[in-house]
1. Grab the other residues whose beta carbon is less than 15 angstrom from that of V18, score K and R as +1, D and E as -1, and report the net.
2. Is it possible to state the helix-based mean residue ellipticity at 222 nm for the chain, with each DSSP H run of 4+ residues giving -39500 (n - 2.57), the sum divided by total residues, to the nearest 500 deg cm²/dmol? What is it?
3. To the nearest whole percent, what portion of all C-alpha pairs in segment 1-125 is separated by more than 24 angstrom?
4. Can you send over the carbon and sulfur percentage of the accessible area for segment 202-323, probe radius 1.4 Å, protein chains only?
5. Provide the three semi-axes, in whole Å and in decreasing order, of the ellipsoid equivalent to segment 118-255 as defined by the square roots of 5 times the Cα gyration tensor eigenvalues.
6. Can you tell me the 0 to 90 degree angle between the C-alpha axis of helix 191-207 and the longest principal axis of the chain, rounded to 10?
7. What is the extension gain from L298 to T195, computed as 0.36 nm multiplied by their sequence separation minus the C-alpha to C-alpha distance, in nm to one decimal?
8. Grab the alpha carbons of the chain, take their convex hull, and tell me the volume per residue in Å³.
Amino acid sequence: MLSNVIASQAVHMQYGGVIPELASRAHQQNIVPVVDTALKNAGLTIDDVDAIAFTRGPGLLGSLLVGVSFAKGLSVAKHIPLVEVNHLQGHILSHFIDLPDEERPHPDFPFLCLLVSGGHTQIVRVTAPLEMEIVGTTIDDAAGEAFDKCAKVMGLPYPGGPVIDRLAAQGDADRFHFAKPSVQGFDYSFSGLKTSFLYFLRDRVAEDPDFIEKNKADLCASLQRTIVEILLNKLVKAAREYKIKDIAIAGGVSANSGLRNAIQAEGEKRHWRTFLPPLKFTTDNAAMIAVTGYFRYLRGEVSPLDVTPEARIENMLGEEHRA
């Protein structure tokens, strides 16, 4: 990786969540200067580029349209092949980004990856760079969604996950206890936890209107511990079932310090090799799309100009089955 440029969208904070129309407008405003800056930082021109990787989905359709349209225009103008990328594969393959000034270890195949973000919570068995099988997924809400919605109930700003993580460091994780779902196999569920948390606060605030403010750190610590325990419980079961010792995490929630510490501790106990992405590669970024596009390009997988973005893509590769 020679450069990686991100334009943040702070505009969503005042609305307590991502507004699709604002997101796509921000993409339109930023995409040209971001690409220009990335090339300059890398010491390259567009003529040095062999292929253009772009996110086909899943994601917000308006934002995807901006990226796909820009990639197509650049491809036609400079006669550079297009390579479509699955956004979720990108998060997983962020573990294979090589940096010029840092040698990072890569997981060996096969490995398990716990992919956790605002929209997805999955356990993925990875047998090759582009061969992945979803062995567990959420049947309702994602872990990141649980963080954000519970944070909103407490009156915390968006995005709530990082705020909960920061406050949790000051709290007692054993102070409160919330419901943990019972789901078959390696699948997850977080709707019951959210309901349990909401009703718990409703009853306590009825007794003491200042309950949340007085116990904010302990609430965050207890909630975070519960979510992390739910995540790791299924991951441990999957690792045992598939007899895999290389375990990775990816996605926005993989930046959570409670999850990072817990998976490292679990790895030491179970003799895993654990792989945590650098924080700059946990949230959405171009580098993870580039490395995934690189693997597809090596296999000769280029996309036609009539390719369209997909807000929802059911499978990692659009073809594999659930275990």
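1. -1
2. -14500 deg cm²/dmol
3. Tail fraction, whole percent: 39.
4. 50
5. Semi-axes (√(5λ), whole Å): 30, 14, 13.
6. Relative to the chain, helix 191-207 is tipped by roughly 40 degrees.
7. 32.4 nm
8. Expressed per residue, the convex hull around the Cα atoms of the chain is 136 Å³.
The values are calculated or read from the model by the stated rules, or taken from the named source; none is laboratory data. Keep in mind it's a predicted model, so treat the numbers as computed, not measured. FYI the Cβ positions are ideal-geometry reconstructions off the backbone, even for glycines, and counts take in every protein chain you see. All accessible areas refer to the heavy atoms of the entire protein, side chains included, with ligands and DNA or RNA removed. Shrake-Rupley method; radii C 1.70, N 1.55, O 1.52, S 1.80 Å.
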